[in-house]
Every structure is written in C-alpha cells, then in structure tokens.
Amino acid sequence: MLSPGVVGAVEITVLASMGVMSGVRDVAPAFERATGHKVVVTFEAGPSLMQKVNAGAPADLVTHYPRRDRRSHQAGQGGGQPR
C-alpha cells in the first residue's frame, strides 16, 4: 500500500530547443534514475518549437535557449555577442 501523497511513476513530456540539447540529455537520465519517472524529450529548432507551443502541443515542460538582452550585454552581463 502506498503512503498518502506518494504517486507512481509518470511520463513527463518535454519540448526543448536544439540549444539546450546537451543539458537536457545530461539531466533527463539522471532525473529518471532519481525519481523513477520516464522523460520523453522532443527537440525542435526555435521557430518549430514555438509553433508547437502556440498550437497547444502537449508538454509538461518547455525549455529553450534564452535570448540575450542587448541591454544586459551592454552592461557587461550578457557575455558573448548580442543578437
């Protein structure tokens, strides 16, 4: 019998941009081992990812490479070249 509040393993759907592929590939298996939950990841290019999100594609988590803010870069906080 399960204790109150304990949930069985679930499947977690992640929509991720290509820019975070390396990090997600590192984290997802570790999360699966630690929790017993299955992680299903779909990687998409930026515009394609946003089309899926805007169309209401089912996902528990959406992650993408953050866009740099030109003001942060100019203040010395952005690193690299502004886009």
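Summary of computed values
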read-out	value
Estimated inter-spin distance, Phe31 and Ala9, nm [label 7 Å along Cα→Cβ]	1.6 nm
Share of alpha-carbon pairs per 10 Å distance bin for region 11-74, given as whole %	21, 45, 26, 8, 1
Packing-based ranking, highest mean first, of 15-23, 44-52 given that Cβ atoms within 10 Å are counted	15-23, 44-52
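Read-outs: derived from the displayed coordinates by stated rules, not from any lab. Just so it is clear, the structure is predicted and the values come from calculations on it, not from any experiment. Glycine gets a Cβ as well: all are built from the backbone with ideal geometry, and neighbour counts include every protein chain shown.
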